[in-house]
Every structure is written in C-alpha cells, then in structure tokens.
Amino acid sequence: MRADLLSDAVDGLDEALAAVDGFDEALVAGLLRPQPGQTGGLTGLADAVAGTPLAARVAEAADRTAAGAAGEDHFVALAAARTALLGSVHDALTARVDEVTGRPRAEEATVAAANDNEHAANLYAAARSWLCDLVRAGWQGIDHELVGGAAPVVSAMLPDPALRRLATLLDGFAAELAASCPGVTLERVPVRRWADLWSRALLLTLPGAARTSAVAEATGRLLPLGVDVQEHATAVQAQVHAVFEPADGGTPRLVRASVSAPKPDTVVGAGLWQLLRPHMSLLGAVSEGRAMDLDAMPVTAEGDLVWDDARARGGEPAEALATARVALPTAAAFAVAPLDRHPARIAVPVLLEGYGVEEGDDGIVFRVAGYRLAVDTGRVPAAGPLSPEVVAASGACVGLLRWDAGEFLLQPLAVERTVRKKTVAVHAGTWAGGTTDKAGIRAEKAATDAVTVLRERAGRLLRK
C-alpha cells in the first residue's frame, strides 16, 4: 500500500467542494427571494459545470433562481449539478485510492430498464413539489406545517416496494427536519447533510432514477474481511465486507452483504446482534472466522450480495487478516452507480502492517511510509471487543479507507496485537454470531431483558 500518495493534492478537488459549499449555504435562507449574498453560491455552481453537458440548463436555472422565478425543473437542474460535482470528487478520490492500493480498477455498472407506472409518476410529482417548497423556504424557514407535507406522500409510497427507497429517504429527512422546527431558532444547521438529502431525494423523483440495478448470480467462496455496524435510534445495519472468489477461477471481487433490522432505542451494544442474527447466517461465519460457499447468490452490479441463507453454507476456516494478506491485493471492486457517487460513501478495504502508532488529543494516528493516517475509532462499534486501546496496541490492521472533512481516515475492522508473546487477532464482529466473552454475555442479557419487557408491553396494548 502506497500510503504516501494519500498526501498528494488532487487537482480540482478544493474548487469543486467550494462550489458545492457555496450552493449549500444559499439553501439555508431559502430560494424564494434570494438575497445578493446567495447569488454567488448559485453562479458558482453554474460556473463549476460550465464545461459539461449540464452547462446551459444550470446557467439558466441559476439565473432564474437568483431572480426568484425558479420552477421545479430549475431546482432539479441545480440538484443535478451539485450531485455531478460531488460525483467527480468521489471519482477523483477513488482513482487516488486505486493508486494507493494498486488493485484493479472497477468495471462500469449497468442498470436495468426503468418501469415507472402512472401511479408512481403522480407520487413522484407530489414528492418533488414538497421538496421544492422546502428549498424555497430554506432550512431557517421550516416549520411543522411545511415539514408535515411529506407524511401523506410517504404513506402512499411505502406499500409499493419500487418506491420504498425514496419513501424511506423522505421519511427520515422529514423526521430530522421536524426535530429541528422551527428552523429560525436553529443555532447550527447541518448544511452539507441536509443539502445531500434534499438533492438526492429530488433526483430520485425523476422517471427512471430509482431503477433497480442489474442482478447476476455468484457461485464460489466468500471470505469475510470484517463488519461495519451502523446504528440509529430506531434501526441498525451490519454490512459485511468480503472477498468473493468465483468457482470458475475468475477475478476475485470485493463485495458487501448487508442486513438491517428495526430496533428499540433501549437495545444497544452487543444486544444488536440478537436483532440481526436471525436474518443472515453470514454473521455466524464472521464470528467463527470461516468462509462461506455460495451457490447462485444474487449480486448487484455494484457488488452488493442480496443475501439468501438457502444459497449459502459454512466453509473452511478463513481468518480475516490472512484473507487480507493473500486475497485482498488482487480483488477488484465493482463500479459505483452514478447517484451513489459521493465522497461520504467511499469505504475501501485495506491492509496495513508495520506502522507506528501515535496517540494524542486528536486521537490515534497510524504513521505509514511517512504519512500520518488518522484512525476513526468513533466508527468502531460497541457491539464487539475491538476498542481504541486494542487498536493503539496493534501491529497489523484490516480497515476501511474513508474520506471525510478533507482527509483520508481509517476505520478499523480487525487488528493483530501481541499478548504474552503471542499474536492475537481482535475483530469488531467477533460477537456477531454469539460470544463467551463476559462483557458480551452481560450486554446480550441486558438486551434480552429489554426486548422481553417491550414485547410484554406490546402484547398488553394489542389485547386492549
């Protein structure tokens, strides 16, 4: 791994992000009657895409918006320009990561044809109308009446599986906004996040934008590298990163397998695995350090396995660090779908060895080939034995290379450390399939008690 290349500047990166930031700031006060201070963000966005096929439409949209006369099509054009700029940032950073790792480049993804019906078109239009009203008011102008306009749209979309992706996004976005109403009282606005959610949702209302990815079948051996746990108050997701070796001897590929579940906010830590375990046998294999043999497992053009326990069976032992040393260097990534190209989505599995460790007020840093790589221990889940102290004492690490706030970060998935002159591996997903660890047992018991109480209460309510 050429970690020294991570410090090299990426041409055009700062300019692209500055254009995005300028536009995002313009959304804070709203675009119904833009003030002179907001027009700079609009023109900056148009100038940033001046040499692209979007140039004419975005220039017109910026002019009409600055004049307070923008329609839905103009807001869509601005959202498209913003998404394209962040997509270019994603691609430039991904190309740099490819240089750093020396692994094969990704193949372009393909998508299936869209299948939008008249009913969906009406719901898309309703969602688009709400999103445009939202941006006219701006984040400082939101109130419960405006935010509540999303509720009937979400309710109408949820029963249709083809619309559930957008419905979930709208529902979560509206919930965040509702928790911040009235906007005029906000001391701090999550400018980039809300602009991300707004622009993505708006583009997903366009015909064909939410089309499903092409799906193929994967037969061969799956070698887990680690688990990334993403937790919110009402939901949890575990995403397993792995190397897939095709049975026909083809190129090994980097793939992901995810499982999600709703959860009460009282279930935390190791108790999360109880909610996820029944839905994916792969978590047990991760916990045991085993491979899995797949038989015609569906896989999307972006490398996401559509997990089906009936198409997988346990394989032979396969330790994550060994997989990273042997199989990871030649594994090729799948390409990312156009609307998913965003720097926040970069999560590339890498192996680091022979690094120095620095600890300070800014956290843990790995010094690799003269480059100081910050370690994002905040992403290490509490639902496992991996801790900042363990990471700081390690000598080898499998992790996800990410990019945030202008720099590359490493999220540890598994490490090796020396304990009493013996090399010991510690994984974030060690407790995924069950544990004999005392701390893990206590956390699981507490979660079991909480779930039992909630089920009893729910039962009483239903009986009433």
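Each value in this text was obtained by applying a stated rule to the coordinates, not by laboratory testing. Predicted, not measured: the structure shown is a model, and the values here were computed from it. Don't worry about glycine lacking a Cβ; one is built from the backbone with ideal geometry, like all the others, and counts go over all protein chains shown.
Per-structure values
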read-out	value
Dipole magnitude (debye, nearest 20) for the chain, charges at Cβ of Lys, Arg, Asp, Glu	1380 debye
Neighbour-count order for K421, K445, fewest beta carbons within 10 angstrom listed first	K421, K445
Translational D in µm²/s for segment 2-109 (Stokes-Einstein at 20 °C, 1.002 mPa s, Kirkwood Rh from C-alpha pairs)	142 µm²/s
Radius of gyration and Dmax over the Cα atoms of segment 233-353, both given in Å	15.2, 46
Charge dipole (debye, nearest 20) of segment 162-289; +1 at Cβ of Lys and Arg, -1 at Cβ of Asp and Glu	260 debye
Cα convex hull of segment 3-204 - mean projected area over all directions, nm²	13.4 nm²
With Cα atoms, 0 to 90° folded angle of helix 13-28 axis to the chain main axis	60 degrees
Whole-angstrom Cα spans of the chain along principal axes, big to small	70, 65, 49
Projected-area mean, segment 43-98, by convex hull of Cα positions, square nanometres	3.8 nm²
Efficiency of FRET from Cβ geometry, L206 and A322, R₀ 35 Å, rounded to 0.05	0.15
Segment 329-436 - Kirkwood radius from inverse mean 1/r over Cα pairs (Å)	15.0 Å
Packing-based exposure ordering (other Cβ within 10 Å, fewest first) of D47, D362	D362, D47
Listed residues L275, A209, A324: farthest to the positive end of the dipole of the chain (Cβ charges)	L275
Degrees, to the nearest 10: 118-137 long Cα axis against longest axis of the chain	80 degrees
Computed over the chain: relative contact order in percent, which uses C-alpha pairs under 8 Å that are six or more apart	15 percent
Ascending count of other beta-carbon atoms within 10 Å, so fewest first, for D63, D73	D73, D63
